[in-house]
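Below: one structure, written as structure tokens.
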Amino acid sequence: MSHPTLMKAKHKPAFDAEAFLHSAGAGKTIVSYRPTQVIFSQGDASDSVMYIQEGAVKLSVQSHGGKEAVVALLGPGDFFGERALAGHPVRLEAATAMAATKVLVVLKEQMIRLLHDQHALSDRFITYMLARNIRIEEDLVDQLFNSSEKRLARTLLLLARYGKQDQTYRVLPRISQETLAEMIGTTRSRVNFFMNKFKKLGFIEYNGGLKVNHSLLTVIVHD
């Protein structure tokens with residue numbers, strides 16, 4: 001006969017990373033932000049990792065001369081602020097809410113303990129960071145070899161999360177053409193030209209927001 005304590009351990013439910021990341025508790029808080037509200041600024045103390053539950057977040061860096069560059073637009077299920085785990089004492093970028101956004105904030109020390117103790121969370125986090133690194137490499141290749149039209153099409157599809165069957169958003173949060181221009185390294189006038197072209201071809205629609213259609217993929221695959 002099995003020992004009662006062993007029986008209890010055997011049937012202990014597995015750690016639910018998703019449920020954990022949608023809850024608050026010791027060392028964790030849930031914070032809501034309004035559109036355009038700053039979550040943290042470049043140079044702030046890097047003391048926590050954040051997980052987006054709802055909304056959209058823009059990451060940007062600013063040069064000494066005041067020029068801003070958008071480095072990423074993130075959505076639900078994405079982490080940010082992870083440089084804190086690598087020992088960076090201050091934030092190297094700024095984070096701004098692009099829509100009504102809800103963020104789970106996990107203190108650095110708590111996140112380190114959880115990654116050591118909770119394998120399901122650790123696996124999810126590592127998978128995310130690997131995917132993020134791959135995305136950065138793809139962005140670099142895109143910037144070096146593709147036209148600004150293809151870069152814009154790819155950016156819109158990524159923002160709509162095509163390729164992630166459980167996380168496809170056809171209507172994007174409000175995003176300015178200036179921001180899109182900063183992301184793909186071109187001018188606002190060029191973005192405006194291509195957006196009008198995409199609209200005429202039926203690749204995108206303006207109806208209570210920017211709707212991205214699957215047909216926009218043809219811009220990327222066409223030589």
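Mean separation of Cα pairs under 8 Å and 6+ residues apart, divided by the residue count of the range 30-127: what relative contact order is that in percent?
About 41 percent, as a whole number.
When the helix-only estimate is applied to the chain (DSSP H runs of n ≥ 4, each -39,500 (n - 2.57), divided by the residue count), what is the mean residue ellipticity at 222 nm, nearest 500 deg cm²/dmol?
The helix contribution divided over the chain gives -12000 deg cm²/dmol.
Excluding residues fewer than 8 places away in the same chain, name every one of the aspartates and glutamates whose C-alpha is closer than 17 Å to that of K200.
E149
Enter the angle in degrees (range 0 to 90, nearest 10) between the Cα long axis of helix 108-117 and the first principal axis of the Cα atoms of the chain, meaning the one along which they spread out most.
Long axis of 108-117 versus the principal axis of the chain: about 60 degrees.
Please give, to one decimal in nm, the separation of the simple spin-label points placed at V171 and I30, each 7 Å out from Cα toward the Cβ.
Output for this residue pair reads 2.3 nm.
Sum up the charges of everything whose Cβ sits under 10 Å from the Cβ of F40, counting Lys and Arg as +1 and Asp and Glu as -1, but leave F40 out.
-2
Ranked by accessible surface with a 1.4 Å probe, highest first, in what order do V141, V70 come?
So, going from the largest accessible area down, we get V141, V70.
Arrange the residues F125, F193 by how much accessible surface each exposes, largest first, with a 1.4 angstrom probe.
In descending accessible area the options line up as F193, F125.
Where Rh is the Kirkwood radius over the Cα pairs of the range 86-207, the temperature 37 °C and the viscosity 0.692 mPa s, what D in µm²/s does Stokes-Einstein return?
Rounded, D is 190 µm²/s.
Please compute the contact order of the range 42-93 in relative form: average sequence separation of alpha-carbon pairs under 8 Å and at least six residues apart, divided by the residue count, as a percent.
Relative contact order of the range 42-93: 51 percent.
So how tilted is helix 188-200 from the main axis of the chain? Cα-based, degrees 0 to 90, rounded to 10.
Tilt of helix 188-200: around 90 degrees.
Do you know the relative contact order of the chain, to the nearest whole percent, from alpha carbon pairs under 8 angstrom that are 6+ apart?
19 percent
Show Y51, Y33 ordered by accessible area, largest first, where the area counts protein heavy atoms only and the probe is 1.4 Å.
Y33, Y51
For V90, list long-range residues whose amide hydrogen, built 1.01 Å from N in the peptide plane, is under 5 Å from its own amide hydrogen.
S46
Quantify, in whole percent, the carbon and sulfur part of the accessible surface of the chain (1.4 Å probe; protein heavy atoms only).
56 percent
Accessible area of T29, 1.4 Å probe, to the nearest 10 Å²?
70 Å²
Could you give the accessible area per residue of the chain, probe 1.4 Å, as a whole number in Å²?
Ligands and nucleic acids excluded, the result is 58 Å² per residue.
For the chain, compute Rh as the Kirkwood radius over C-alpha pairs and then the Stokes-Einstein diffusion coefficient at 4 °C and 1.567 mPa s; write the answer in µm²/s, rounded to an integer.
It diffuses with D of about 67 µm²/s by this estimate.
Within the range 53-101, report the trypsin sites (Lys or Arg not before Pro) that DSSP leaves as loop and that have at most 15 other Cβ atoms within 10 Å.
K67
The values are calculated or read from the model by the stated rules, or taken from the named source; none is laboratory data. On a predicted model such as this, the values are computed, not experimentally measured, just so you know. No Cβ is skipped: glycine too gets one built from the backbone with ideal geometry, and neighbour counts run over all protein chains shown. Ligands, DNA and RNA are stripped out before the accessible areas are found, and what is left, the full protein with its side chains, is counted by its heavy atoms. Shrake-Rupley method; radii C 1.70, N 1.55, O 1.52, S 1.80 Å.
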